[in-house]
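Notes to accompany the following structure.
The values are calculated or read from the model by the stated rules, or taken from the named source; none is laboratory data. Source: prediction; values computed, not measured. Note: ideal-geometry Cβ built from the backbone for every residue, glycine included; neighbour counts use all protein chains shown. Keep in mind that these areas ignore ligands, DNA and RNA; they rest on the heavy atoms of the full protein, side chains included. Shrake-Rupley method; radii C 1.70, N 1.55, O 1.52, S 1.80 Å.
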Amino acid sequence: MTNQTSKQWAIETQDLDIFYGDFRAVKNVTLKIEPKKITSIIGPSGCGKSTVLRSFNRMNDFIPGAHVKGEVLFQGQNIYDPRIDPVQVRQRIGMVFQKPNPFPKSIYENIAWGAKINGYKESLNDLVEECLVKSALWDEVKDQLQKPALSLSGGQQQRLCIARALAVKPEIILMDEPCSALDPIATLKIEDLMRELSNQYTIIIVTHNMQQAGRASDFTAYFTMDTDRAGSMIEYGVTSQVFTNPTNKSTEDYISGRFG
Amino acid sequence: MQKSISISNGSPESLGIEHKRIFRNNKRWSENIIKMLLTLAGIVSIFTTIGIVYELGKESLLFFNLPGVTLRDFLTGTTWQPTIGKFGVLPLVTSTMITSLVAMFVAIPLGLGAAIFLSEYAADKTRKVLKPLLEILAGIPTVVYGYFALTFMTPILRGIFGQDNVEIYNMLSAGLVMGIMILPLISSMSEDALHAVPRSLRDAALGLGATKFETSIQIVFPAALSGIISAIILGISRAVGETMIVAIAAGSGPNFTFNPFKAAETMTGYIARISGGDLGYDTPDYNSIFAIGLLLFIVTLVLNMVSRAISRKYREVYE
Amino acid sequence: MKNPVNLFSSISYSKDLHLENRQKKASIWKALFRLSTLVGVIVLAILILSIVNQAFGLVAFEDINDRNEFISTSIIDVPKTELIQLIENNLNKNRVRTLDTEKPLLDRSKSDLIRIVESEVFKQRIVDSYPLFQSIFTPNEFKSTVAEKYPDAIMEFKSWFTPQFLTESMSKTPELAGVRTALLGSLLLIVITIVVAFPLGVSSAIYLEEYSRQNTWLSRVIQTNIDNLAGVPSIIYGILGLTIFVRAFEPLTSGRFFGYEGANGRTILAAGLTMALLILPILITNAQEAIRAVPNSLRQASYGLGATQWQTIWHHVLPYALPGILTGTILAISRALGETAPLIIVGAATYISKDPSGLFSNFTALPIQIYNWTTRPQQEFRNIAAVAILVLMIMLLSMNAVAILWRNKIQNKR
Ligand SMILES: Nc1ncnc2c1ncn2[C@@H]1O[C@H](COP(=O)(O)OP(=O)(O)OP(=O)(O)O)[C@@H](O)[C@H]1O
Ligand SMILES: [Mg+2]
């Protein structure tokens, strides 16, 4: 595939508007995500962070009335091109959700399922092990792969969900507040894991935790809500830059905790 | 309120005690009576059960005490001919089983298909139209279904499979129509079960690049399985206990056959026919309906209890 | 950019190649799921059409008594007085008296008199009938058969659904039969059922929801018991009614205890009591749901003002829950209206032309009439069975519509 720009961005949006019915939830998002880096999206509640994130792998398609205006480019291709099957998009761009949501199946099945439906031909056992190792869960569960996934702790479940996403071999992993339901120790484990994974994957994470964004991400995008309740991105850059020297007053207020 | 005003005119020392005593005693008295009456109302339903069990049991005992009737012959005999003293219930049981089986062949695939469509695919507007229509189907009296089986389904079956092969009264027609009758029960209960599966599970599967179909069948459906099974079992119990459709369309006269094209009377059909006639209260035929009724009661009760036990399990998972 | 399947450059495994097949499979199944839903709707349509189909259509009449022996012109030209003469001269005295007490002959309309003369003096009878759709699409087929078999017959398009059908009582001749007795029976039956089941059901629901919050063993037993009763086949309730109300309580249900001349316990009272027991579990469950929907804050507000439990229930909980309870009751009643099997067992009469006169009269009901007519071999009985079904379904649908509209109205108000 040819790409027009000299640089191959992981995701690129141009004047993206996202609607729920008539309500414009997000407007004018122009954003370029650096590949194999961690980008965090922060902002006050309701400003459309989840909405933007879900638009990156077309999870909003399942919400009646939700639609976008503008383009979301993945490797130079608009994923909203009518010729593209959204299933294909989600195979390339995986997602980890706010609340751990393992399937009511065994640990093994949780990981193997996504690969199976996608026609994975090689050894599933190896794949399961590989993904569990990558998600730093292998040592804890290697003897109990047939146990129900719901019997794991919340932090383990969330790492299982990450392992499950890895098994489909995506290029990008979207994470929507993946640690909000976890205790601090489990949170740190996930952050380490993200760092580890960023060698191979592009990671985009929505978080309410400023320390987390500061610690764990390379780039930060700050969203806020306008008077018409539409969210928009008003600051984007290298994390250290955004945190220490924001160009926008609102960003500074938010980061230093005087807002939201 | 009235009381407290009148009492407040009394001496201040007695006020507290007096006030309390009169107030409380009066209230308690009427409250307790009311509570007792309500409890009695609740107990009526227990008497219903006791009545059913007692009467079925007592009259069945009379039946089994008749000369020549034994429990063993009753449960294993293949001829039901009271006039010659043959009381083998199997012909009635097999026809009940065949009509129910045919019904479930219709109701399970269609009911589950409809449940999945309504819960996973249909847009809100579509569902708002389709669901009430299926509910109408559930509210149609069974005698109307019986009429439909006899005047519509049977002629069609006879047209398709040949007048010589399909009898005017036949188990297939009754079973097919019974399946339609049970369809809304299975679809609405299964839809509830599918609906109770959290959205996050669907998101997880879709986020892994599964199609909607794969998500519905491989993730949502198994997660709702206990609710679905409980619906199916309840459907079977409905089919076994259904009377009017089989009484009208399946034929009158016990017949030990496994051929659904043939006429054969079911347990319920037999009870309806015998008690509908002007039989004396102490004939063997009359007594026999209680033994069959008892069998029917036990089978449906067990099915219902199993169904509820299973559905309770699925509620526990998600609540 | 041209081929959507290969839009993405790096391929980790063969997922793209599978996708097309997977999506094909998915859309086939989706079509099947949609089809199964539609089958239900289509069958509903067919069912209604097949009943309408039987309720109208071509019929062939023949006079048993040659009308030329009575009149010389077409009946339309016969004056009213002459029609009355014909009736008075040719029908037996009792029949004339009955007709006269129903409505004096002199006050009757001409068309009414013509109807009586044709059916009772000429004894015009339907000899053959044909369903609606065939009457519309292939009428000639019917005409030629009739012309062959009944050369004297007159052919006509007939709606079996006539006003007389509602006001006439049973008859052995299908075209003269009506459902008045059955309709009155059904209505009285339902009144008895409500009067018995409603207070019992609502009281039980109050007990279970308000008084047994503590989850005592008694309330658990009652609750389990109600759940079990809800699944008992209706025919078993029939057996219960037969043994308890018809036989054991015979002195009461036949009315002998109260000085009536009841012949046996197979009365409308016994049937109503049976039906009340049958709908009790449904009614209780529906009422429980309505009571459970009452917000707890309402109860707490009432208790906070020093109200007792019963005051709280009577003044706050019940008024709030009432619309729900009543809707649930209507739904339970509509179940009772269509139930047939228990009535057969407690001994509804299949042929009776006397209207129910009280609690202790023998009776018939609409579903019993439908059952009875359905099982007759003659086509004409199927026709009137279809009309009776239409009457029953219209009653049921309007009851349900009232319940639903009512519920929506109340819900919108809140
Ligand atoms: N399914 C939906 N239908 C309609 N409106 C929605 C839907 N989901 C979100 N919204 C609206 O879109 C806006 C953005 O919501 P979104 O969930 O993206 O915010 P968020 O930034 O993720 O908030 P939080 O930090 O609380 O998760 C909100 O105004 C919300 O009300
Ligand atoms: Mg969010």
Over the stretch B:260-278, the set of residues under 15 Å from B:ALA249 (Cβ atoms), open to solvent by 10 Å² or more (accessible area, probe 1.4 Å) and either outside any loop (DSSP other than H, G, I, E, B) or in contact with a strand residue (DSSP E or B) (Cβ under 7 Å, 6 or more places away or on another chain) (or both) is B:ARG273
Being under 13 Å from the mean Cα position of the chain (by Cα), buried (at least 16 other Cβ atoms within 10 Å of the Cβ) and in a helix (DSSP H, G or I) is the requirement here; does A:MET175 meet it?
no
Determine, yes or no, whether A:GLY70 is modelled with pLDDT under 90 and away from ligand 2 (no atom under 16 Å from the Cβ). no
With criteria (1) without any contact (Cβ under 8 Å) to a residue 60 or more places away in the chain; (2) in contact with an Asp or Glu (Cβ under 9 Å, 6 or more places away or on another chain), A:GLY214 comes up short on (2)
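Yes/no matrix, rows are residues, columns are (1) assigned by TED's automatic domain parsing to the domain that holds B:ILE182; (2) of a type in the set (Phe, Trp, Tyr); (3) within 30 Å of C:LEU343 (Cβ to Cβ); (4) open to solvent by 10 Å² or more (accessible area, probe 1.4 Å):
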{"site": "B:VAL89", "(1), (2), (3), (4)": "yes, no, yes, no"}
{"site": "B:LEU92", "(1), (2), (3), (4)": "yes, no, yes, no"}
{"site": "B:VAL102", "(1), (2), (3), (4)": "yes, no, yes, yes"}
{"site": "B:ALA107", "(1), (2), (3), (4)": "yes, no, yes, no"}
{"site": "B:LEU110", "(1), (2), (3), (4)": "yes, no, no, yes"}
{"site": "B:THR126", "(1), (2), (3), (4)": "yes, no, no, yes"}
{"site": "B:ILE136", "(1), (2), (3), (4)": "yes, no, yes, yes"}
{"site": "B:PHE148", "(1), (2), (3), (4)": "yes, yes, yes, no"}
{"site": "B:THR151", "(1), (2), (3), (4)": "yes, no, yes, yes"}
Check your understanding: For A:ILE18, are the conditions met, namely being within 16 Å of ligand 2 (Cβ to nearest atom), open to solvent by less than 10 Å² (accessible area, probe 1.4 Å), under 18 Å from A:THR202 (Cβ atoms) and part of a strand (DSSP E or B)?
Key -> no
Of the candidates A:ASP61, A:ASP85, the one satisfying the condition of being within 14 Å of chain B (Cβ to nearest Cβ) and more than 16 Å from ligand 1 (Cβ to nearest atom) is A:ASP85
Exercise. Can A:TYR120 be described as more than 16 Å from ligand 1 (Cβ to nearest atom) and open to solvent by 40 Å² or more (accessible area, probe 1.4 Å)?
Worked result: no
Within the stretch C:172-202, restricting to residues that are under 26 Å from C:PHE56 (Cβ atoms) and among the polar types (S, T, N, Q), the one that is farthest from the other protein chains (Cβ to nearest Cβ) is C:THR173
Residue set C:THR308, C:THR350; condition facing chain B (nearest Cβ under 9 Å), farther than 30 Å from C:ALA182 by Cα, open to solvent by 20 Å² or more (accessible area, probe 1.4 Å) and modelled with pLDDT under 90; output residue C:THR308
Going through the stretch C:353-376 in order, the residues found to be in a loop (DSSP other than H, G, I, E, B), under 17 Å from C:LEU176 (Cα atoms) and either among the aromatic types (Phe, Trp, Tyr) or within 14 Å of another protein chain (Cβ to nearest Cβ) (or both) are C:ARG376
With the first residue restricted to the stretch A:35-54 and required to be of a type outside the set (Val, Ile, Thr), and the second required to be in a loop (DSSP other than H, G, I, E, B), Cβ contacts under 6 Å at 6 or more apart or on different chains are A:PRO35/A:ALA10; A:LYS37/A:ASP218; A:SER40/A:THR207; A:SER40/A:SER217; A:PRO44/A:GLY260; A:LYS49/A:GLY43
Counting only helices (runs of 4 or more DSSP H) wholly inside the stretch C:150-236, the ones holding at least 1 residues that are open to solvent by 10 Å² or more (accessible area, probe 1.4 Å), touching a residue at least 12 places away in the same chain (Cβ under 8 Å) and in the same structural domain as C:ILE313 (by TED's automatic domain parsing) are C:180-206, C:217-230
### Selection status of B:SER311, within 24 Å of B:VAL106 (Cα to Cα) and more than 10 Å from every other protein chain (Cβ to nearest Cβ)
yes
Some residue of the stretch A:193-210 being away from every other protein chain (no Cβ under 14 Å), away from ligand 1 (no atom under 14 Å from the Cβ) and without any contact (Cβ under 8 Å) to a residue 24 or more places away in the chain
no
| task | Answer yes or no: is there a residue in the stretch C:263-271 that is more than 15 Å from B:ILE50 (Cα to Cα) and open to solvent by 50 Å² or more (accessible area, probe 1.4 Å). | result | yes
So, first residue at the interface with another protein chain (Cβ under 8 Å from one of its Cβ atoms) and free of Cβ contacts under 8 Å to residues at least 12 places away in the same chain in the stretch B:190-206, second residue of a type outside the set (A, V, I, L, M) and open to solvent by less than 10 Å² (accessible area, probe 1.4 Å), Cβ within less than 9 Å, six or more apart or across chains; the pairs are B:SER200/A:ASN101; B:ASP203/A:ASN101; B:LEU206/A:ARG90; B:LEU206/B:THR215
| request: Answer yes or no as to whether B:GLY179 is within 24 Å of B:SER95 (Cα to Cα) and under 28 Å from the mean Cα position of the chain (by Cα). | output: yes
With respect to B:LEU61, is the statement that it is within 14 Å of another protein chain (Cβ to nearest Cβ), in contact with a Pro (Cβ under 7 Å, 6 or more places away or on another chain) and in a helix (DSSP H, G or I) true?
no
Being at the interface with chain C (Cβ under 9 Å from one of its Cβ atoms) and either under 15 Å from C:LEU44 (Cα atoms) or touching a residue at least 12 places away in the same chain (Cβ under 8 Å) (or both) narrows B:ILE180, B:ILE168 down to just B:ILE180
Of the residues in the stretch A:218-233 that are open to solvent by 10 Å² or more (accessible area, probe 1.4 Å) and at pLDDT 90 or above, the one that is farthest from A:GLY43 (Cα to Cα) is A:ASP218
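So that you can scan it fast, the table gives a plain yes or no per residue for (1) under 27 Å from B:GLU242 (Cβ atoms); (2) of a type outside the set (D, E, K, R); (3) open to solvent by less than 20 Å² (accessible area, probe 1.4 Å); (4) touching a residue at least 40 places away in the same chain (Cβ under 8 Å):
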position	(1), (2), (3), (4)
C:LEU273	yes, yes, no, yes
C:LEU277	yes, yes, no, yes
C:ILE282	yes, yes, no, yes
C:GLU289	yes, no, no, no
C:ARG292	no, no, no, yes
C:LEU322	no, yes, no, no
C:ILE325	no, yes, yes, yes
C:ALA336	yes, yes, yes, yes
C:LYS354	no, no, no, yes
Practice problem: Could you please let me know if A:ASP126 is assigned to a loop (DSSP other than H, G, I, E, B), of a type in the set (D, E, K, R), away from ligand 2 (no atom under 16 Å from the Cβ) and more than 23 Å from A:ASP176 (Cβ to Cβ)? | Solution: no
Picking from A:LYS49, A:LYS27, the residue that is at pLDDT below 95, of a type in the set (D, E, K, R) and more than 10 Å from ligand 1 (Cβ to nearest atom) would be A:LYS27
